[in-house]
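Worksheet: the structure to be examined is printed underneath.
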Amino acid sequence: MTLLGVTDIAKSFGERRLLAIDTLTLSAGQSYVLTGENGSGKSTLLRILAGIDAPDSGHGLYGAQRFDWHPYPDWLRREVIYVHQHPYLFHSTVADNIVYGLRARGVDAGRREALLAAAIAWARLDHLLATPPQKLSGGERQRVALARAWVLSPKVLLLDEPTANLDAESRRQTIDLLRGFCAAECTTVVACHDRDVIALPEMQPLHLADGRIRPRPVASD
Ligand SMILES: Nc1ncnc2c1ncn2[C@@H]1O[C@H](COP(=O)(O)OP(=O)(O)O)[C@@H](O)[C@H]1O
Ligand SMILES: [Mg+2]
């Protein structure tokens, strides 16, 4: 069953036509890995899906509800979450960063505490609670960002190169967490070049080339 679909998505920067996607449909609960060369438009596509950026034209369908980007609907913002490759963290505390979205949504303090505790356990962040966010490593920041997304129970999670530039152990931990999302009901799209992520059995391939979603090229090695 299609959860999120977009049609006739065009996006140009200046003279350059970056995206020209006829249709892209994401099934409920399915996980996808989005590949494509650097500069092919992966981040732009994820940002458009999350309503952070708008296409020049096109429309979308979420379940049976049509939407566009003028404006991107608030109800959809609650369902679709984008996690940046280099997540921004507030310089307060790790816990504050995790519950930020819950507070913004008006979730009461008791429920916030319960979700915070569950997220800390889920992302194995207990030993980092006293560390200033700006002192965290790239892998730790990525785990805080995943915990911050996880507490919001998104229906669609868009991860932008979550394992890029991480050491081997951080990569392994991050892949474990993203598999947790994939195993849940969440529809997940992971933009990446990471062979271990691409090879995960639950991942359906999406490949972006020349602005379109194409079949993935056969690996050359
Ligand atoms: N706001 C912007 N203004 C101008 N060019 C942009 C902007 N955002 C992205 N681009 C350009 O679009 C291209 C695709 O970027 P991006 O979506 O980040 O690709 P990818 O994530 O696949 O590496 C790049 O050439 C980039 O320079
Ligand atoms: Mg990118």
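The values are calculated or read from the model by the stated rules, or taken from the named source; none is laboratory data. Please read all numbers here as calculations on a predicted model, not as lab measurements. Positions of Cβ are generated from backbone atoms using ideal geometry, with glycine treated the same way; all protein chains shown enter the neighbour counts. Ligands, DNA and RNA are stripped out before the accessible areas are found, and what is left, the full protein with its side chains, is counted by its heavy atoms. Shrake-Rupley method; radii C 1.70, N 1.55, O 1.52, S 1.80 Å.
A few notes on this one:
- Accessible surface area normalised per residue over the range 86-198 is 46 Å², counting heavy atoms of protein chains with a 1.4 Å rolling probe.
- Dipole magnitude for the range 49-96: about 120 debye, using +1 per Lys or Arg Cβ and -1 per Asp or Glu Cβ, origin at the Cα centre.
- Estimated inter-spin distance, R105 and D176, nm [label 7 Å along Cα→Cβ]: 2.5
- Förster-model FRET efficiency, 30 Å R0, E185 and E15, C-beta, rounded to 0.05: 0.10
- Test item: Cα-centred dipole of the chain, Lys/Arg +1 and Asp/Glu -1 on Cβ, debye: 280
- Taking every alpha-carbon pair under 8 Å whose residues sit at least 6 apart, the range 2-214 reaches a relative contact order of 31 percent.
- Exposure of F181 as accessible area (Å², to 10), given a probe of 1.4 Å and all protein chains: 10
- Ordering of 145-151, 39-45 by burial proxy (mean other Cβ atoms within 10 Å per residue, highest first): 145-151, 39-45
- Residues R214 and W75, FRET efficiency given R0 of 35 Å [Cβ-Cβ distance, rounded to 0.05]: 0.65
- Positive-end residue, the chain charge dipole about Cα centroid, Cβ charges, pick of G36, G60, L19: G60
- Placing dummy labels 7 Å off each Cα toward the beta-carbon, the span from D126 to A114 is 2.1 nm.
- Per residue Cα convex hull volume in Å³ - calculated over the chain: 134
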